[in-house]
Amino acid sequence: MSKLELNQIYLQLEREINLLSQSTQVVYRDAIREDAQHAISEFKKDIDSWVIQLNERVIACYDLEDLLESKRDVIQLMQLQNKVVDGVRIEKFKSDILRMIAKAIMNTYLETLFRNQNRKKHVGDDLFER
């Protein structure tokens, strides 16, 4: 994946954060936005690494779930905790953040995958014309 496609992942994450914060109660909007942005910035190196590993076929798509789940306890939602949000909601927000990251990575990866396969198909088209 190119740098442009990595940027696409982060732009999609920003959009998802905005959608998440709009769908939460007004009291929590700014807190969840700040916490989600912080979590994503903390995972930036991991996200970049996962994308590279997906492209190089070191990991498969289904491995991404385990990799993300292993980061659940690392997510610190300090702004929400300062608002005295209960543990169930904290876990829901953590799941939302992990889902957003997975969705952004997978959408961009799959777009790149099929774009690259399309090029490979055209290279061998002359074999089928005989």
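Derivation of every value follows stated rules applied to the coordinates shown; laboratory data play no part. Computed from a predicted structure; not experimentally measured. Glycine also receives a Cβ, built like all others from the backbone with ideal geometry; neighbour counts cover every protein chain displayed.
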Fill in the blank from the handout: Neighbour-count ranking for R115, R99, R57, R33 (other C-beta within 10 angstrom, fewest to most) reads R57, R115, R99, R33
Problem - Amide H contacts of Q76 (H built 1.01 Å from N, under 5 Å, at least 5 apart or other chain) - result: none
Practice task
List, in order, the whole-Hz ³J(HN,Hα) value for each residue of segment 54-61 obtained from phi through the Karplus relation with A = 6.51, B = -1.76, C = 1.60 and θ = phi - 60°; use x for Gly and Pro.
Solution key: 4, 5, 8, 6, 6, 10, 9, 4
Exercise for the section: Would you kindly derive the ³J(HN,Hα) couplings of segment 68-76 from the backbone phi angles with the Karplus curve 6.51 cos²θ - 1.76 cosθ + 1.60 (θ = phi - 60°), listing them in order in whole Hz, with x for Gly and Pro? Expected result: 5, 4, 5, 9, 3, 6, 6, 5, 10
Problem - I75, I32 arranged by Cβ crowding within 10 Å, fewest neighbours leading - result: I75, I32
Practice task
Quick one: order V88, V74, V51 by neighbouring beta-carbon count within 10 Å, fewest to most.
Solution key: V88, V74, V51
Practice task
Filter the cross-link list K45/K92; K83/K103; K3/K71 down to pairs whose alpha-carbon distance in this structure exceeds 26 Å.
Solution key: K83/K103
Problem - Bins of 5 Å, starting at 0 and running to the largest distance - Cα pair percent for segment 3-120 - result: 2, 11, 22, 22, 17, 11, 7, 4, 2, 1, 0
